[in-house]
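Chemist: Below is one structure. I have some questions about it.
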Amino acid sequence: DAGVIQSPRHEVTEMGQEVTLRCKPISGHNSLFWYRQTMMRGLELLIYFNNNVPIDDSGMPEDRFSAKMPNASFSTLKIQPSEPRDSAVYFCASRRSGGLAGGGEETQYFGPGTRLLVL
Amino acid sequence: GQNIDQPTEMTATEGAIVQINCTYQTSGFNGLFWYQQHAGEAPTFLSYNVLDGLEEKGRFSSFLSRSKGYSYLLLKELQMKDSASYLCAVRDRSPPGGANNLFFGTGTRLTVIP
């Protein structure tokens, strides 16, 4: 089975430009997570979808960030306008939720990440 | 909120045993995960604990004490390929909507030397 797919793998852009990151979760997984990883702050959850519905976006830094999940097999994370401090690795992860209420070894599977550099 | 602490860096010798500790504070604990992340790669799942005690998986074991808010990852018979960052993550059901999110520590960078 294919794992979580992310594109692009690398993105270099200039400050002020719009950046769109894409994610295809593992087929059959109904929860999708967007994370950002930096040396200073580690891995931070940005937003979490369950059955295509945003459940918790409290980690989204500010209004410049937005995420959508129009269907079960695709999600986007958009930054507009981008700033140098947005430079990080952005990971998408998915898992199959359900069964025990919030329990069980329902681990998240991570995509390869998008390395974003904003100049 | 969540507060997860683990050492920043550790060094160990090939063939030895190393223990990576993690302490956490969370209001809605619902499981603890360990992930391995090689440089430039995505985190990969290693282990899961939700009850107190030791879970063993080959060379890797993970321990949990919920009353102490403490976990450790034990790596035996270290190999050079074990050089990586090890991330402790706590699942918390207390965020709005009971989202059961994972909250990650900043990771422990392990270097295995010959």
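The values are calculated or read from the model by the stated rules, or taken from the named source; none is laboratory data. Bear in mind that the values here come from a model prediction, so they are computed numbers and not experimental data. Cβ sites come from the backbone with ideal geometry, for glycine too, and all protein chains shown count toward neighbours. Heads up: the accessible areas ignore ligands, DNA and RNA and are worked out on the full protein's heavy atoms, side chains in. Shrake-Rupley method; radii C 1.70, N 1.55, O 1.52, S 1.80 Å.
Chemist: It is to be established whether one or more residues within the stretch B:35-53 are within 14 Å of chain A (Cβ to nearest Cβ), more than 26 Å from A:G111 (Cβ to Cβ) and open to solvent by 30 Å² or more (accessible area, probe 1.4 Å).
Modeler: Yes; the residues of the stretch B:35-53 include at least one that is within 14 Å of chain A (Cβ to nearest Cβ), more than 26 Å from A:G111 (Cβ to Cβ) and open to solvent by 30 Å² or more (accessible area, probe 1.4 Å).
Chemist: Looking only at the stretch A:30-60, which residues are open to solvent by 30 Å² or more (accessible area, probe 1.4 Å), in contact (Cβ under 8 Å) with a residue 60 or more places away in the chain and over 13 Å from A:P112 (Cβ atoms)?
Modeler: A:N30
Chemist: Continuing with the same structure: Might you check whether a residue that is assigned to a strand (DSSP E or B), among the basic types (K, R), closer than 23 Å to A:R36 by Cβ and out of contact with any Lys or Arg (no Cβ under 6 Å at 6 or more places or on another chain) occurs anywhere in the stretch B:49-63?
Modeler: no
Chemist: Please work out if B:R109 is open to solvent by 50 Å² or more (accessible area, probe 1.4 Å), of a type in the set (K, R) and at pLDDT 95 or above.
Modeler: So B:R109 passes the test.
Chemist: Is the stretch B:98-110 home to any residue that is more than 9 Å from chain A (Cβ to nearest Cβ), of a type outside the set (S, T, N, Q) and either within 16 Å of the chain's Cα centre (by Cα) or in a strand (DSSP E or B) (or both)?
Modeler: yes
Chemist: Further question: Condition test on B:Y72, is it surrounded by 15 or more Cβ atoms within 10 Å (Cβ to Cβ), touching a residue at least 40 places away in the same chain (Cβ under 8 Å) and in a strand (DSSP E or B)?
Modeler: Yes.
Chemist: Are any residues in the stretch A:61-74 open to solvent by less than 30 Å² (accessible area, probe 1.4 Å) and either facing chain B (nearest Cβ under 10 Å) or part of a strand (DSSP E or B) (or both), and if so, which ones?
Modeler: A:F65, A:A67, A:M69, listed by residue number.
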